[in-house]
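A.B. asks: The structure's right below; bear with me while I get my questions together.
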Amino acid sequence: MEKKLDFRPKMFSALRNYNKQTFMADLMAGVIVGIVALPLAIAFGIASGVSPEKGIITAIVAGFIISALGGSKVQIGGPTGAFIVIVAGIIGQYGMTGLTIATLMAGVFLILFGLLHLGTIIKYIPYPIIVGFTSGIAVTIFTTQVKDLLGMQMDSAPSDFIERWIAYFQNLGTIDPWSAAVGLLSVAIIAIAPKLSKRVPGSLIAIIVMTVAALLLKQYAGVTSIETIGDRFSISSQLPGAVVPELTWETIKGLVAPALTIAVLGAIESLLSATVADGVIGDHHNSNTELIGQGVANLVTPLFGGIPATGAIARTMTNINNGGRSPIAGIVHAVVLLLIFLFLMPLAQYIPMACLAGVLVVVSYGMSGWRSFRALMRNPKSDITVLLLTFFLTIIFDLTVAIEVGLICACLLFMRRMSETTDVRAVYDEIDLNEDADMQAGNLEHLTIPKGVEVYEINGPYFFGAGNRFEDLMGRYGNRPKVRIIRMRKVPFIDSTGLHNLENLCLMSQKEGITIVLSGVNKKVEDVLVRNGFNQLLGEENICNHIDLALERARQLV
């Protein structure tokens, strides 16, 4: 049956019973989230290698679209720390035009994920992989901020993780004490602020206090070594026009891997955020609609100079904790950011770079998930291997490699664990018919296996791995029999790999003069076998509905 389009934005259902009370709650939540998002948008933009206003434009455009078209009532979208590493890498290799094209392609991928109903599948990516690359991103973000946090006088830091840290140690003597004080005090303020007030974000307090302090130090103490945003960037408060980049087939081919990384990372982060939000507000988001909404946002945002966007867990939780209960709160947050951008953006030039680095250091600590990382280290060795592999690939190489290898590991782990659900065993001497689904009424509780007959039983789906287990069992069973009975009463389905293995087993047995008899085959599996010619390969009389018929057939053959 063909699947229907699964696109039902929460905006429409949320507005059916909307009232003034809900609007006032959404309005207050939206204003607070907009204020919280401001320093983060600026910091994420700069850390990604673009100008600060591009971070805010991303929060405005993507935030509006994700709330209007998404599948979650309370999701807040915008730039996030997870994209810093991948965005900076793409800009370094392909420039801003390459980033724009990669983001557009990622938007197309996300829409396709939603149209193909992959929303629920993406949520089943193994937890160790998610923790591994999230922790790796956190370490990488922290590493990129050390220079600005301490005010090191370096032309540029190497992009390689190990080389960057070597360069830091070589330049310890260039640390500016004033910038380092601003950076470390910013971290302290953000850490202490929640204990004093949970409504006003610590990052905003830190930026206001440190900006004023830097201005006073410059004005009255002659301290000019504290670098600000205005020293590094020219600030613009003008809304950009939409620009469509020139697309060539060669560029598109070269950017498939980064675009897919953006799409997969965005899908995982947005659906995780929506799932966490569901648990708090008691709602159920539509994952496929959420992916389509995220896709549209990443199609539109880069046209205005923005960077990749996704659902942000911290801002979404801020929205919920301040009373937001519909997509209107997310739209209000985008409008608040737009007003700040139009009227207050020139003031951003006075914000110290060390203060923004402090904000990102705290963000990286929150992303690190060190408690989850430590807990996973007590899990089975396979989980630990995947966790550490993804973590070290993220920090030493890049996120694209980590996600590609991580997804391959996820597939291999899935295949391994699924194969372990199927058990193949040999039955000796007697068959216990208690609770057997393929027994005939009136039979004894036990059936004796005739001499010259071997009985094997498959418990679970018959696919990859089951055929090899047959060969291992048959090698250990003993003398060569005249008949092999394969009980399939607990086989719910068989795939093409299982069919291939079973066919090889039957052909190999026939060459050895051994007859294969199938027992307890359910209607669904039998139809598949018949379509693939097993009734001709084995003979219809050798495909039996229950075990006593199979044993009777075996006695005739013996």
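A.B. asks: If S179 meets every condition in (1) of a type in the set (S, T, Y); (2) open to solvent by 40 Å² or more (accessible area, probe 1.4 Å); (3) within 22 Å of A43 (Cβ to Cβ); (4) touching a residue at least 40 places away in the same chain (Cβ under 8 Å) apart from one, which number is that one?
C.D. replies: Failing condition for S179: (2).
A.B. asks: May I pose another question? Here is a check on your reading of the model: is S186 open to solvent by less than 50 Å² (accessible area, probe 1.4 Å), assigned to a helix (DSSP H, G or I), of a type in the set (S, T, Y) and touching a Leu at 6+ places or on another chain (Cβ under 7 Å)?
C.D. replies: On the way: open to solvent by less than 50 Å² (accessible area, probe 1.4 Å): yes; assigned to a helix (DSSP H, G or I): yes; of a type in the set (S, T, Y): yes; touching a Leu at 6+ places or on another chain (Cβ under 7 Å): no.
It is false that S186 is open to solvent by less than 50 Å² (accessible area, probe 1.4 Å), assigned to a helix (DSSP H, G or I), of a type in the set (S, T, Y) and touching a Leu at 6+ places or on another chain (Cβ under 7 Å).
A.B. asks: Identify the residue in the range 367-380 that is of a type outside the set (S, T, N, Q) and either touching a residue at least 60 places away in the same chain (Cβ under 8 Å) or in contact with a Lys or Arg (Cβ under 7 Å, 6 or more places away or on another chain) (or both) and, among all such residues, is most open to solvent (accessible area, probe 1.4 Å).
C.D. replies: The extreme case among them is W370.
A.B. asks: Given the options T80, T103, name the one that is β-branched (V, I, T), touching a strand residue (DSSP E or B) at 6+ places or on another chain (Cβ under 9 Å) and buried (at least 24 other Cβ atoms within 10 Å of the Cβ).
C.D. replies: The unique qualifying residue is T80.
A.B. asks: Could you grab me the full set of residues in the range 228-243 that are of a type in the set (S, T, N, Q) and in a loop (DSSP other than H, G, I, E, B)?
C.D. replies: Within the range 228-243, S234, S236, S237, Q238 qualify.
A.B. asks: A further question on this structure: Out of I65, I121, I125, report the one residue that is closer than 26 Å to N286 by Cα, touching a strand residue (DSSP E or B) at 6+ places or on another chain (Cβ under 8 Å) and open to solvent by 10 Å² or more (accessible area, probe 1.4 Å).
C.D. replies: I65
A.B. asks: Which count do you get for residues in the range 87-100 that are open to solvent by 10 Å² or more (accessible area, probe 1.4 Å) and under 20 Å from I42 (Cα atoms)?
C.D. replies: From the range 87-100, those open to solvent by 10 Å² or more (accessible area, probe 1.4 Å) are 88-89, 91-97, 100; that's our starting set.
If we keep only those that are under 20 Å from I42 (Cα atoms) too, we end up with 88-89, 91-92, 95-96, 100.
Going through the range 87-100 one residue at a time, the tally reaches 7.
A.B. asks: While we're here: Check the range 134-148 and report whether any residue there is crowded, with 23+ Cβ neighbours inside 10 Å and among the acidic types (D, E).
C.D. replies: Yes; the residues of the range 134-148 include at least one that is crowded, with 23+ Cβ neighbours inside 10 Å and among the acidic types (D, E).
A.B. asks: Applying the selection to the range 270-284, what residues are charged (D, E, K, R) and either open to solvent by 40 Å² or more (accessible area, probe 1.4 Å) or in contact with a His (Cβ under 7 Å, 6 or more places away or on another chain) (or both)?
C.D. replies: D278
A.B. asks: When you check I205 against the structure, is it in a loop (DSSP other than H, G, I, E, B) and buried (at least 18 other Cβ atoms within 10 Å of the Cβ), yes or no? Let's see the steps before the verdict.
C.D. replies: Details: in a loop (DSSP other than H, G, I, E, B): no; buried (at least 18 other Cβ atoms within 10 Å of the Cβ): yes.
Here the answer is no, as I205 does not meet what is asked.
A.B. asks: Take I229 and decide whether it is under 18 Å from L356 (Cβ atoms) and open to solvent by 90 Å² or more (accessible area, probe 1.4 Å).
C.D. replies: no
A.B. asks: Go through the range 333-384 and report how many residues are over 26 Å from I226 (Cβ atoms) and not in a loop (DSSP other than H, G, I, E, B).
C.D. replies: Final tally of qualifying residues: 21.
A.B. asks: A further question on this structure: Looking at the range 492-526 only, could you name the residues that are under 38 Å from the mean Cα position of the chain (by Cα), among the charged types (D, E, K, R) and not in a loop (DSSP other than H, G, I, E, B)?
C.D. replies: K524
A.B. asks: Go through the range 106-118 and count every residue that is open to solvent by less than 30 Å² (accessible area, probe 1.4 Å) and within 28 Å of L360 (Cβ to Cβ).
C.D. replies: Counting residues in the range 106-118 that are open to solvent by less than 30 Å² (accessible area, probe 1.4 Å) and within 28 Å of L360 (Cβ to Cβ) gives 3.
A.B. asks: So, in the range 37-56, how many residues would count as being part of a helix (DSSP H, G or I) and open to solvent by less than 10 Å² (accessible area, probe 1.4 Å)? Spell out the reasoning first.
C.D. replies: So the first thing to find is which residues in the range 37-56 are part of a helix (DSSP H, G or I), and the list is 37-47, 52-56.
When the remaining residues are screened for being open to solvent by less than 10 Å² (accessible area, probe 1.4 Å), the result is 37, 39, 41-45, 52, 55-56.
Selection size over the range 37-56: 10.
A.B. asks: So how many residues does the range 511-558 have that are open to solvent by less than 30 Å² (accessible area, probe 1.4 Å) and closer than 18 Å to Y456 by Cβ?
C.D. replies: Counting residues in the range 511-558 that are open to solvent by less than 30 Å² (accessible area, probe 1.4 Å) and closer than 18 Å to Y456 by Cβ gives 20.
A.B. asks: Among (1) surrounded by fewer than 24 Cβ atoms within 10 Å (Cβ to Cβ); (2) in contact (Cβ under 8 Å) with a residue 12 or more places away in the chain; (3) not basic (K, R), where does A59 come up short?
C.D. replies: Unmet condition: (1).
A.B. asks: For S51, work out the one condition from (1) more than 27 Å from P158 (Cβ to Cβ); (2) modelled with pLDDT under 95 it doesn't fulfil.
C.D. replies: (1)
Let's see how each residue does on (1) aromatic (F, W, Y); (2) open to solvent by 10 Å² or more (accessible area, probe 1.4 Å); (3) under 18 Å from A41 (Cβ atoms); (4) modelled with pLDDT under 95:
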| site | (1), (2), (3), (4) |
| --- | --- |
| L299 | no, yes, no, no |
| R325 | no, yes, no, yes |
| V335 | no, yes, yes, no |
| F343 | yes, yes, yes, yes |
| P352 | no, no, yes, no |
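A.B. asks: In the range 15-36, which residue that is more than 13 Å from G330 (Cα to Cα) and touching a residue at least 40 places away in the same chain (Cβ under 8 Å) is surrounded by the most Cβ atoms within 10 Å (Cβ to Cβ)?
C.D. replies: My answer is T22.
A.B. asks: Looking at A106, A88, A138, which is the one that is on the phi < 0 side of the Ramachandran plot, of a type outside the set (V, I, T) and touching a Gly at 6+ places or on another chain (Cβ under 6 Å)? Walk me through it before giving the result.
C.D. replies: Details: A106 fails: touching a Gly at 6+ places or on another chain (Cβ under 6 Å); A138 fails: touching a Gly at 6+ places or on another chain (Cβ under 6 Å).
None of the others qualify; the one that does is A88.
A.B. asks: Does T120 meet the test of being of a type in the set (S, T, N, Q) and within 14 Å of L260 (Cα to Cα)?
C.D. replies: No, not satisfied.
Here is a yes/no grid of residues against (1) open to solvent by 30 Å² or more (accessible area, probe 1.4 Å); (2) polar (S, T, N, Q); (3) modelled with pLDDT of 65 or more:
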| residue | (1), (2), (3) |
| --- | --- |
| L412 | yes, no, yes |
| R416 | yes, no, yes |
| D423 | yes, no, yes |
| A426 | no, no, yes |
| L433 | no, no, no |
| T448 | yes, yes, yes |
| E454 | no, no, yes |
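A.B. asks: Further question: Could you tell me whether any residue of the range 152-168 is assigned to a helix (DSSP H, G or I), free of Cβ contacts under 8 Å to residues at least 40 places away in the same chain, open to solvent by less than 30 Å² (accessible area, probe 1.4 Å) and aliphatic (A, V, I, L, M)? Spell out how you get there, then give the answer.
C.D. replies: Here is the first cut: in the range 152-168, the residues assigned to a helix (DSSP H, G or I) are 161-168.
Subset that is free of Cβ contacts under 8 Å to residues at least 40 places away in the same chain: 163-168.
Now narrow it down to the ones that are open to solvent by less than 30 Å² (accessible area, probe 1.4 Å): 167-168.
In the following step, the residues that additionally are aliphatic (A, V, I, L, M) were identified as 167.
Among the residues of the range 152-168, at least one is assigned to a helix (DSSP H, G or I), free of Cβ contacts under 8 Å to residues at least 40 places away in the same chain, open to solvent by less than 30 Å² (accessible area, probe 1.4 Å) and aliphatic (A, V, I, L, M), which makes the answer yes.
A.B. asks: Hey, another quick one. Mind telling me which of the residues G330, G369, G358 ends up being of a type in the set (G, A, S) and under 16 Å from Y127 (Cβ atoms)?
C.D. replies: Within the list G330, G369, G358, the selection yields G369.
The values are calculated or read from the model by the stated rules, or taken from the named source; none is laboratory data. Remember, predicted model here, so these are calculated numbers, not experimental data. Here the Cβ is made from the backbone with ideal geometry for all residues, glycine too, and neighbour counts use every protein chain on show. The protein model used for the area step is the full one, side chains on, heavy atoms only, and it has no ligands, DNA or RNA in it. Shrake-Rupley method; radii C 1.70, N 1.55, O 1.52, S 1.80 Å.
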